[in-house]
1. Using beta carbons and a limit of 6 Å, which pairs, at least six apart or on different chains, have the first residue in region 290-315 and charged (D, E, K, R) and the second one open to solvent by 10 Å² or more (accessible area, probe 1.4 Å)?
2. Please indicate, with yes or no, whether at least one residue in region 237-247 is more than 20 Å from the chain's Cα centre (by Cα), open to solvent by 60 Å² or more (accessible area, probe 1.4 Å) and not β-branched (Val, Ile, Thr).
3. Taking region 188-205 only, how many residues are open to solvent by less than 30 Å² (accessible area, probe 1.4 Å) and more than 19 Å from the chain's Cα centre (by Cα)?
4. Go over the candidates Arg279, Arg268 one by one and state the one that is surrounded by fewer than 14 Cβ atoms within 10 Å (Cβ to Cβ) and modelled with pLDDT of 95 or more.
5. Within region 72-172, which helices (runs of 4 or more DSSP H) (wholly inside it) include 3 or more residues that are charged (D, E, K, R)?
6. Kindly provide the set of residues from region 138-159 that are surrounded by fewer than 17 Cβ atoms within 10 Å (Cβ to Cβ) and at pLDDT 90 or above, ordered by number.
7. What number goes with the only condition from (1) aromatic (Phe, Trp, Tyr); (2) open to solvent by less than 10 Å² (accessible area, probe 1.4 Å); (3) within 28 Å of Val115 (Cα to Cα) that Phe256 does not pass?
8. Could you grab the pairs with beta carbons closer than 7 Å, sequence gap of 6+ or different chains, first residue in region 32-54 and open to solvent by less than 80 Å² (accessible area, probe 1.4 Å), second one modelled with pLDDT of 90 or more?
Amino acid sequence: MKKFVMAAVGGTLAGVVLTTQVAGPLVAQSAERNTTVYEQLDLFGDVFERIRAQYVSEVDEADLIEAAINGMLSSLDPHSNYLPPDDAEDMRVQTRGSFGGLGIEVTQEEGFVKVVSPMDGTPADEAGMLSGDFITHVDGESLLGLGLDEAVELMRGPVGSEIIITVVREGADEPFDVSIIRDTIKLTAATVRTVGNTVVLRVTTFNDQTYSNMAEGLAREVEALGGIDKVEGFVLDLRNNPGGLLNQAIAVSDAFLETGEIVSTRGRNPEESDRANARPGDLAEGLPMVVLINGGSASASEIVAGALQDHHRAIVVGEKSFGKGSVQTVMPLRGEGAMRLTTARYYTPSGRSIQALGVSPDILVEQPLRQPAATEEDEAEGPRRRSEADLRGSLNNDSLTEDEIRQIEEERAAAEEAAKLREDDFQLSYAVDLLKGLSTIATAD
């Protein structure tokens, strides 16, 4: 018994000694690290004082501190930054869906300003800006070496004023200038229409209005078609959608999922991780879905596309998405400013991170560049196809009733409309045709 007790005591003493031996260096390292941090803060204060006292011209202390804070945040990643009071208010207004500007979402890539996506119906969209464009100059002033906030500030200006942007585009031989007239941007977060018997849900951004706009429009169009039984399927168009509010991305995903995980976010500490799950209820009532994405689909758009893809709820069609797999938290600061800080990465239900990789479509469909519209002369010169009805003395088809003839004419008109859509928007046309095919197979079964 004594040996057993001694062995136990010996083990305890060894543990104490070992703990002391390990803890000693850890405490010393922590103290050394704290000393280094304080020394660096002293260094910052020294530099600040010398600039304020000895710079060639008088400087504004508030501007200096703002620049230092923004430099600290922007060194972390392209999405962390400081928002002065005016910018913080602009951001709050944007999430409500109305603001002034060009209507373009940008990021910074290797020191250059890159277009994530132009927003539908905005001056940037109407001027022909494309996802993936690089902006090198604003009104002749180079953006190289400027921070993203500084570059964005140069693009701001009074509503109605002109801005000249120099663009470098893949496939273009030389940089070229684009003239844009600034305007008030009024975003309708989601619009809904029908193409034939397909309901097309176009979501342009994820702000406070997105889910309500989409749900109301969906119900209206389904009713106009005569009920859900008349619907062939749904297209959720997320192309050139730069993202927005995480809770709205979750709500839109949940609208079409009955159960299961939608997205998980994982922060630096395990306790900061979070998971969102779907609740029962599918606005599309299980009908086939296609999600359209392209290189301008980012962040919240990728959350929705990834969730519906992982659950096999929708076929994802188009081109690889942007690849922004991080979550930013906006933290209010004293003086009405705010700090946007990357606090987590998000993961799709299957556990994949799309950071820098993007969501890959199930079916790759590229959007052809628009060709110049054909003139009436071109159409007149084109060959005209002849049919049996054009032949002299051809037999009439008197076996059809008036209702059957009307149905054939309606089907022909629908086919012609589909052909026109193919010219205007090939990716959307592909999605509609795919749903029509799936509906036909389901009806046959």
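1. What qualifies is Asp310/Pro349; Asp310/Ser350.
2. Taking region 237-247 first, the residues more than 20 Å from the chain's Cα centre (by Cα) are none.
No, the conditions are met nowhere in region 237-247.
3. Going through region 188-205 one residue at a time, the tally reaches 3.
4. On the way: Arg268 fails: modelled with pLDDT of 95 or more.
It is Arg279.
5. Numbers: elements: 85-94, 123-126, 148-155.
Because the criterion is at least 3 residues that are charged (D, E, K, R), the helices (runs of 4 or more DSSP H) in region 72-172 that meet it are 85-94, 148-155.
6. Asp139, Gly140, Glu141, Ser142 - these are the residues of region 138-159 that are surrounded by fewer than 17 Cβ atoms within 10 Å (Cβ to Cβ) and at pLDDT 90 or above.
7. (3)
8. These pairs meet every condition: Phe48/Leu64; Ile51/Val59; Ile51/Leu64.
The values are calculated or read from the model by the stated rules, or taken from the named source; none is laboratory data. Source: prediction; values computed, not measured. When we count neighbours, we look across all protein chains shown, and the Cβ atoms used for this are built from the backbone with ideal geometry, even at glycine. These accessible areas exclude ligands, DNA and RNA; they are computed on the full protein's heavy atoms, side chains included. Shrake-Rupley method; radii C 1.70, N 1.55, O 1.52, S 1.80 Å.
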